[in-house]
Each structure stands twice: as structure tokens, then as C-alpha cells.
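Just below is one structure, and these are the notes that go with it.
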Amino acid sequence: MKLFGYEKESEDLIELEEVSFECNIEELDKIIKFLQYVKCEHSKISSESGLCHSHFRDWDVEWKHESADIIIVTNYNDEQ
């Protein structure tokens, strides 16, 4: 697993050493449901596609523009 992110006001993608979530229990439940959804949907994709990704902002109808997005990328090339 690799973790990537952006510093605020930057477009330079960097590899992260650590990720912290500051959230309440309801937000944590929502993240868990999103991850379960992604697992199910990405499992349906053929490994021949290379990469597949899902955005939390697209999944969560209550997502606010000023909130951070969570992007899950499944790299099928790493599984071979």
C-alpha cells in the first residue's frame, strides 16, 4: 500500500508516511461504508484494466467542496 497526498495550495503529489483522520463516529462509519463499497465495486473490475479508482466526493451526496477527498486506487498490475 502506498499513500499519496497534496499539501494545501499545491499541485505537487507527494508520497506520505502517515495519514491521520480527525472525525466523529458518524464520519468514521461513513468512511467504512465507502471502503466497503469500493471493495465491492473494484472486485468486479477485470484485472486487465490496469487501474481503477473511486472518489469519496462522488460517493457521498453530502460531501462539501471545502472537505478533503479520499481517492482509492486499485492497481491490478501490482497483483500479477
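Odds and ends about this structure:
- Test for K8: is it open to solvent by 100 Å² or more (accessible area, probe 1.4 Å) and over 15 Å from the mean Cα position of the chain (by Cα): yes
- Residues located in segment 34-52, provided they are modelled with pLDDT of 90 or more and in contact with an Asp or Glu (Cβ under 9 Å, 6 or more places away or on another chain): F34, C52
- Residue match in segment 7-19 (condition: modelled with pLDDT under 90 and touching a strand residue (DSSP E or B) at 6+ places or on another chain (Cβ under 8 Å)): yes
- Lone unmet requirement of (1) acidic (D, E); (2) touching a residue at least 12 places away in the same chain (Cβ under 8 Å); (3) closer than 18 Å to E27 by Cα for D58: (2)
- Number of the exception - D69 against (1) touching a His at 6+ places or on another chain (Cβ under 8 Å); (2) not in a loop (DSSP other than H, G, I, E, B): (2)
- Just so you know, in segment 16-50 the residues that are touching a Ser or Thr at 6+ places or on another chain (Cβ under 7 Å) and in contact (Cβ under 8 Å) with a residue 24 or more places away in the chain include one that is surrounded by the fewest Cβ atoms within 10 Å (Cβ to Cβ), and it is H42.
- Selection within segment 24-66 - of a type outside the set (G, A, S) and part of a strand (DSSP E or B): L51, C52, H53, H55
- Residues (modelled with pLDDT of 90 or more, over 21 Å from E7 (Cα atoms) and either exposed (fewer than 11 other Cβ atoms within 10 Å of the Cβ) or among the acidic types (D, E) (or both)) located in segment 53-80: D58, D60, V61, E62
The values are calculated or read from the model by the stated rules, or taken from the named source; none is laboratory data. Predicted model, so just to flag it, every value in this text is computed and none were measured. Here the Cβ is made from the backbone with ideal geometry for all residues, glycine too, and neighbour counts use every protein chain on show. Please note that ligands, DNA and RNA were not included when accessible areas were found on the heavy atoms of the full protein model with its side chains. Shrake-Rupley method; radii C 1.70, N 1.55, O 1.52, S 1.80 Å.
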